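The next block holds one structure in the form of structure tokens; read it before the comments.
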Amino acid sequence: MNERNMRLAMRKMGMTTENLDDVQEVIIRRAKEEIVIEHAEVTMVTVQGMKTFQVMGEVHTRPVGTASAAPKAATPPAGPPEEDIELVMSQSGADRPSAIAALKESHGEPAEAILKLLAKKKG
């Protein structure tokens, strides 16, 4: 049977195939290990509404929770920005630890931190 006849027969049975482009890796998570398929070629086969995936590529296993090669988002810096700390210190006359604490209490808002520190000085 040639490829054209095969596709016609598949269509009559309600079967379609679709290649998924740009797949980098497929991970199958099990209780104690992950099966990682890198440089994966994935074909989605739909038969009467049910989808099945055919995956081919380089297969590796690793323990659960091991980091993948996928890029991770950069973690935000801990604590308030240096400019805000310096602004609060200069405007309120507070020391560095007090300025940082006030910025944390005010959710990073320098103006609110300055007002809190000034109110503490007066009171």
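Read-outs throughout are calculated quantities, based only on the coordinates presented, and are distinct from any laboratory measurement. Everything numeric here is computed off the predicted structure, so don't read it as measured data. Heads up, the Cβs are rebuilt from the backbone with ideal geometry, glycines too, and the neighbour counts pull from every protein chain shown.
What to note about this one:
- Tally of residues being on the phi > 0 side of the Ramachandran plot and within 20 Å of the chain's Cα centre (by Cα) across segment 14-38: 1
- Lone unmet requirement of (1) touching a residue at least 12 places away in the same chain (Cβ under 8 Å); (2) under 16 Å from Thr66 (Cβ atoms) for Val47: (2)
- So Val23, is it of a type in the set (A, V, I, L, M, F, W, C), surrounded by 10 or more Cβ atoms within 10 Å (Cβ to Cβ) and within 16 Å of Thr61 (Cα to Cα): no
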